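Inspection log for the structure reproduced underneath, given as structure tokens.
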Amino acid sequence: MRTRKFNDERECIEIIKRCQWCHVAMVDSENNPYVIPMNFGFDGHTIYLHGSAHGKKIDTLKSNPRVCIHFSTDHVLRYQSEQVACSWSMKYRSVLCYGKVAWIEDTGEKVNALNIIMAQYTNREFNYNPPSIKEVCVMKIKVDRYEGRIFGY
């Protein structure tokens, strides 16, 4: 079974919409890779992230805003022969997205981004506490490039 690689934006978007989390990769100030799992929102062209306004993630992204974001779904363990270890593998669908973090400061834009994030997980509507909106760090990443892979499907 071969891995199918693709760059079709529509196919990548369908995979992203099915995911429950992503992994955000960046490079820290010492030139070391740094990857963290995050919840996200996606509107079809832009990925939205949020979190504390302080910490290694924020420091790293402020010094180098370039990111690679990994999405993966539909994981199924499979094998051709149960007794042959090398025949075992994992079916999956995955996408890598490349872009740059931009910081959202405007309150209205933050609320809109948080609504997009919440829409990834629920159909409910929410109200936001003004002090919480002021304190939360909200980021947007316009996707510059997609790379998709599917194995086993």
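The values are calculated or read from the model by the stated rules, or taken from the named source; none is laboratory data. Note that the structure is predicted; figures quoted are calculated from it, not measured. Glycine also receives a Cβ, built like all others from the backbone with ideal geometry; neighbour counts cover every protein chain displayed.
Within segment 127-153, residues that are within 21 Å of Trp103 (Cα to Cα) reach partners that are outside any strand (DSSP E or B) and among the basic types (Lys, Arg) with beta carbons closer than 6 Å, at six or more positions or on different chains, in the pairs Ile133/Lys110; Val138/Lys110.
Listed here are the residues, each with its yes/no results for (1) among the small types (Gly, Ala, Ser); (2) farther than 30 Å from Asp8 by Cβ.
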| residue | (1), (2) |
| --- | --- |
| Cys86 | no, yes |
| Gly108 | yes, yes |
| Asn115 | no, no |
| Asn123 | no, no |
| Ile133 | no, yes |
| Val143 | no, no |
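Set side by side, the residues His70, His50 differ, and just one is in contact with a helix residue (DSSP H, G or I) (Cβ under 7 Å, 6 or more places away or on another chain) and touching a residue at least 24 places away in the same chain (Cβ under 8 Å), which is His50. Taking the listed residues Val84, Val67, Val95, the one that is under 12 Å from Ile141 (Cβ atoms) and β-branched (Val, Ile, Thr) is Val67, with no other qualifying. If you filter segment 19-47 down to residues that are among the polar types (S, T, N, Q) and in contact (Cβ under 8 Å) with a residue 12 or more places away in the chain, you find that the one that is surrounded by the fewest Cβ atoms within 10 Å (Cβ to Cβ) is Gln20.
Yes or no, residue by residue, for (1) surrounded by fewer than 16 Cβ atoms within 10 Å (Cβ to Cβ); (2) in contact with a helix residue (DSSP H, G or I) (Cβ under 8 Å, 6 or more places away or on another chain); (3) outside any loop (DSSP other than H, G, I, E, B):
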{"site": "Val76", "(1), (2), (3)": "yes, no, yes"}
{"site": "Lys91", "(1), (2), (3)": "yes, no, yes"}
{"site": "Ser94", "(1), (2), (3)": "no, yes, yes"}
{"site": "Cys97", "(1), (2), (3)": "no, yes, yes"}
{"site": "Lys110", "(1), (2), (3)": "no, yes, yes"}
{"site": "Phe126", "(1), (2), (3)": "yes, yes, no"}
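Any residue in segment 78-87 that is touching a residue at least 40 places away in the same chain (Cβ under 8 Å) and either surrounded by fewer than 17 Cβ atoms within 10 Å (Cβ to Cβ) or over 25 Å from His23 (Cβ atoms) (or both)? Yes, there is a match, as at least one residue in segment 78-87 is touching a residue at least 40 places away in the same chain (Cβ under 8 Å) and either surrounded by fewer than 17 Cβ atoms within 10 Å (Cβ to Cβ) or over 25 Å from His23 (Cβ atoms) (or both). Out of the residues in segment 1-43 that are in a loop (DSSP other than H, G, I, E, B) and over 22 Å from Lys91 (Cα atoms), which is farthest from the chain's Cα centre (by Cα)? It comes out as Glu30. Report whether or not Asp106 is exposed (fewer than 12 other Cβ atoms within 10 Å of the Cβ), modelled with pLDDT of 95 or more and not polar (S, T, N, Q). Yes: the conditions hold for Asp106.
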